[in-house]
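Read the structure below first, then the notes.
The values are calculated or read from the model by the stated rules, or taken from the named source; none is laboratory data. Predicted model, so just to flag it, every value in this text is computed and none were measured. Don't worry about glycine lacking a Cβ; one is built from the backbone with ideal geometry, like all the others, and counts go over all protein chains shown. Protein only, heavy atoms only, side chains kept; ligands, DNA and RNA dropped before computing areas. Shrake-Rupley method; radii C 1.70, N 1.55, O 1.52, S 1.80 Å.
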Amino acid sequence: MATSLGSNTYNRQNWEDADFPILCQTCLGENPYIRMTKEKYGKECKICARPFTVFRWCPGTRMRFKKTEVCQTCSKMKNVCQTCLLDLEYGLPIQVRDTGLAIKDEVPKSDVNKEYYTQNMEREIANSDGTRPVGQLGKATSSSDMLLKLARTTPYYKRNRPHICSFWVKGECKRGEECPYRHEKPTDPDDPLADQNIKDRYYGINDPVADKLLKRASTMPRLDPPEDKSITTLYIGGLGDTVTDGDLKSHFYQFGEIRTITIVQRQQCAFIQFATRQAAEMAAEKSFNKLIINGRRLTVKWGRSQAARGKEGIKDGVSEMGTRLDPVPGLPGAVPPPPALDEEAPANYFNLDPSTSPAVMNIALPPPPGINPPPPGFGPPMFHPMGPMAPPMPPPMSMRPPGQIHYPSQDPQRMGAHAAHGSRHSD
């Protein structure tokens, strides 16, 4: 509600009069030709309760109208947007930012102390150049890796959508497509995000959005240094064809002295060995999950010692990274080991019955179809040479009596030799 110039002029010099609001890109909208209405001393600040100039605008088509909620002094003290109260640099809630920067900025909450604190902050803001925040936030020197990972780099215009139509939820909305509110099912009323307080967000306490982001940050992957202090090598993966050893050296030389840089072009990876363990740990901390060289996001891991490298591989269904692998369906199982054989028992390679005589098993196979069988006496032997029914073998040449010359035709054991000899004597 606007305050008239003729009423309540107490402490009017502390009332705020501004020409343009302090907004983030998301609240400002994507339309470069935006129109705003300005109402001088239109509302009181929801934090310090002082009248300030209110700006109202529509950030885009089918979006709801937005307005400034806090004065510019409270906005500058926390470096936040006047509408959404998110940090202007990271786009995160104040509780997440203060946790990441390890600062504790306690703003007084009582009326008298709050007014005194605000006057001191206004004096400090007037003496500064306006490029850096004031208070405890201005004294924070280094940024946090957690904030860089959680920070929103692009505007989130979906946050400017209209609210849900309560009449449509009850089934009583008669506007149809002309209704300026959303016709969607509301979220669960027990959802903590459905109950947000602007003061809790500003003071950084009990903010459900901040709790959600902090839980997400706690589950993000980390690169813990190995227990072996002798490891000073980092593995860099995903190099491609554009990243050279000079690019790697120009990035990692800032962390400490580099001993060697080995690039394995076949596997598109590199191994960077530092001279000290402290330099390797700093390089791993500053480069993990945020190393981009020549437009390529590179993977950073710790190298392994020689002992661990010799035992690499998958054992018992567990991969090198420690994750258990599921069995592939359809593959045959492991082949069972052969049964133990007795050393004294003869080797039975053809699974024959040991009680069967070898002569019985040595049976001539029938000839293939289309080929006539050989005449009797010219085929292969029907008995095993060592069998009991086989004819006796002639003695070897060295054991025969001297002076006797043996020819195959004079072999007395050949077939028909006795019959021919008998017929010759009968003549």
For segment 233-308, with every protein chain kept in place, what is the accessible area per residue (1.4 Å probe, Å²)? 57
List the residues, sorted by chain then number, that are 5 or more residues from C173 or on another chain and whose placed amide H is less than 5 Å from its amide H. W168
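If we sort 197-204, 75-82, 112-119, 240-247 on the protection proxy, mean other Cβ atoms within 10 Å, highest first, what's the order? Working shown, then result.
On the way: 197-204: 17.2, 75-82: 23.9, 112-119: 14.4, 240-247: 12.9.
The packing order, highest mean first, is 75-82, 197-204, 112-119, 240-247.
Below 8 Å between Cα atoms, with a sequence gap of 6+, how large is the relative contact order for segment 12-220 in percent? Kindly include the intermediate steps, with their values, before the conclusion.
Details: 292 pairs, mean separation 41.4, N = 209.
Normalised by residue count, the contact order of segment 12-220 is 20 percent.
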FRET efficiency for T187 and D247, using Cβ-Cβ distance with R0 set to 30 Å, rounded to 0.05: 0.05
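Work out how much length N120 to T299 would gain on full extension: take 0.36 nm times their residue separation and subtract the Cα-Cα distance, in nm to one decimal. If you can, show how the numbers build up before the last one.
Values: separation 179, 0.36 × 179 = 64.44 nm, distance 4.79 nm.
Stretched out fully, the N120 to T299 stretch lengthens by 59.6 nm.
Taking a threshold of 28 Å on the Cα-Cα distance, which of the pairs K40/K78; K66/K104; K66/K290; K104/K199; K229/K286 fall above it? Don't jump to the answer; show the numbers that get you there.
Numbers: K40/K78 23 Å; K66/K104 30 Å; K66/K290 35 Å; K104/K199 16 Å; K229/K286 19 Å.
Violating the 28 Å Cα-Cα cut-off are K66/K104; K66/K290.
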Roughly how many percent of the accessible protein surface of segment 233-308 is carbon and sulfur, given a 1.4 Å probe and a whole-percent answer? 46
Can you run phi through the Karplus equation (6.51, -1.76, 1.60; θ = phi - 60°) for segment 194-199 and list ³J(HN,Hα) in whole Hz, with x for Gly and Pro? 7, 10, 10, 10, 5, 6
Per residue, how much accessible surface does segment 12-220 expose to a 1.4 Å probe? Answer in Å², no decimals. 61
At q = 0.16 Å⁻¹, work out log10 I(q)/I(0) for segment 233-308 with the Debye formula, treating every Cα as an identical point scatterer and leaving solvent out; two decimals please. -0.50
Set the Förster distance to 41 Å, then compute FRET efficiency between E285 and Y156 from the Cβ-Cβ distance, nearest 0.05. 0.90
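How much length is gained on full extension from R35 to K199, taking 0.36 nm per residue of separation minus their Cα-Cα distance?
Working: separation 164, 0.36 × 164 = 59.04 nm, distance 2.83 nm.
Difference between extended and current length: 56.2 nm.
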Sort 251-259, 126-134, 152-160 by the packing proxy (mean of other Cβ within 10 Å over each peptide's residues), most packed first. 251-259, 152-160, 126-134
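For Cα pairs less than 8 Å apart in space and 6+ apart in sequence, what is the mean separation divided by the residue count of segment 233-308, i.e. the relative contact order in percent? Intermediate values should be presented prior to the final figure.
Working: 120 pairs, mean separation 30.7, N = 76.
RCO, segment 233-308: 40 percent.
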For segment 129-286, what's the relative contact order in percent, using C-alpha pairs closer than 8 Å and at least 6 residues apart? 16
